[in-house]
1. Restricting attention to the range 38-56, and to residues there that are assigned to a helix (DSSP H, G or I) and under 13 Å from Gly86 (Cβ atoms), which single residue is farthest from the chain's Cα centre (by Cα)?
2. For a quick check of your reading of the model, give me the residue pairs whose first member lies in the range 73-87 and is over 22 Å from Ala63 (Cβ atoms), whose second is hydroxyl-bearing (Ser, Thr, Tyr) and in a loop (DSSP other than H, G, I, E, B), with beta-carbon atoms closer than 7 Å and at least 6 apart or on different chains.
3. Considering each of Ala67, Ala76, Ala63, Ala102 in turn, give the residue that is on the phi < 0 side of the Ramachandran plot and in contact with an Asp or Glu (Cβ under 8 Å, 6 or more places away or on another chain).
4. Could you please find all residues in the range 75-85 being buried (at least 17 other Cβ atoms within 10 Å of the Cβ) and part of a loop (DSSP other than H, G, I, E, B)?
5. Hey, among Glu61, Glu46, which residue is in contact with a Pro (Cβ under 7 Å, 6 or more places away or on another chain) and either among the β-branched types (Val, Ile, Thr) or crowded, with 18+ Cβ neighbours inside 10 Å (or both)?
6. Does the range 117-126 include one or more residues that are modelled with pLDDT of 95 or more and of a type in the set (D, E, K, R)?
7. Would you tally the residues in the range 109-161 being outside any helix (DSSP H, G or I), free of Cβ contacts under 8 Å to residues at least 60 places away in the same chain and farther than 20 Å from Tyr71 by Cα?
8. Could you grab me the full set of residues in the range 87-108 that are crowded, with 20+ Cβ neighbours inside 10 Å, of a type outside the set (Gly, Ala, Ser) and more than 19 Å from Pro70 (Cβ to Cβ)?
Amino acid sequence: MSVGPISSTTATPVPYTPTVQSREREQHPETAAKGTQELSPEEKREVVELRKRDQQVKSHEQAHLSALGPYRTGPASFDYTTGPDGKRYAVGGEVPIDLSEASTPRETIKKAQTIRGAALAPADPSTADRRAAAEAASLESEARAELTREAEATNADQETVPETGADHGEGKFSGPASVESPYSDDSSQTLFDELI
C-alpha cells in the first residue's frame, strides 16, 4: 500500500520568522503565558501573522479533507509553533492519503481522479500537493493502460471466424438460417436464404 501526504508545509503564503522573544518563550514555557496586553508592538504583529498562518494552514488542509473522501488514511496533522502570547499556532500540515491501486482499473481511475482533485483543491497548492496530484495522474494513466489491455484481450477472444469447408473458403455460413421478410404481412413467415 502506497501512502503519501498532501501537505502545505512547503507553501508559505504568509512568511513566518520567529522573533528572538518567541524563540525564548518556546525554550522557556514558564514565561510564555504573557497576555496580549503585555506584548510589544513587534510581538503583537507576530501574533497577527501567526493567527493568519494558522487559519491558512487549517483551511488548506480542510480543503484536502473535504475533497478526498475515503482515500485518506488518517486525520490532518499539523506542525505548531508557540507564539509570543504563549499559544500554539499551526504553521504547516498534511493529510495522509492512500495512493495504492483499487481492486479494478475502473475503480483505480475513479480513485486517482478523486485524489488528484483533492491534492489541487486548495487555492494555493503546495509543491507536495502538486507532487501528489502527479502521482495520482500516473496511477490513473497506469489504470487506463490496464483497462485498454483488458478490452483488447476481450475483443480478441470475441472475434469469430466463419466455418469453412476443406477447400478453404467454400462452405456453409455459420450465421442465422432465417431472416424476417420485410415484404410479408404475416410476421411469422420467414424467408430462408441459403448461402453458397
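The values are calculated or read from the model by the stated rules, or taken from the named source; none is laboratory data. All values reported here derive from a predicted model rather than from experimental measurement. Reconstructed Cβ throughout: ideal geometry from the backbone, glycine too, with neighbour counts over all protein chains shown.
1. From the range 38-56, those assigned to a helix (DSSP H, G or I) are 38, 41-56; that's our starting set.
When the remaining residues are screened for being under 13 Å from Gly86 (Cβ atoms), the result is 38, 43, 46-47, 50.
Values: Glu38: 46, Glu43: 40, Glu46: 35, Val47: 35, Leu50: 30 Å.
Among those residues, the one meeting the criterion is Glu38.
2. Filtered contacts from the range 73-87: Pro84/Thr19.
3. Working: Ala67 fails: in contact with an Asp or Glu (Cβ under 8 Å, 6 or more places away or on another chain); Ala63 fails: in contact with an Asp or Glu (Cβ under 8 Å, 6 or more places away or on another chain); Ala102 fails: in contact with an Asp or Glu (Cβ under 8 Å, 6 or more places away or on another chain).
Residue meeting the stated conditions: Ala76.
4. Selection gives Ala76, Gly83, Pro84, Asp85.
5. Just a single option satisfies the conditions, and that option is Glu46.
6. So far as the range 117-126 goes, no, none of its residues is modelled with pLDDT of 95 or more and of a type in the set (D, E, K, R).
7. So in the range 109-161, the residues outside any helix (DSSP H, G or I) come out as 120-126, 159-161.
Next, only the ones that are free of Cβ contacts under 8 Å to residues at least 60 places away in the same chain stay: 120-121, 159-161.
When the remaining residues are screened for being farther than 20 Å from Tyr71 by Cα, the result is 159-161.
Matching residues across the range 109-161 total 3.
8. Result: Tyr89, Val91.
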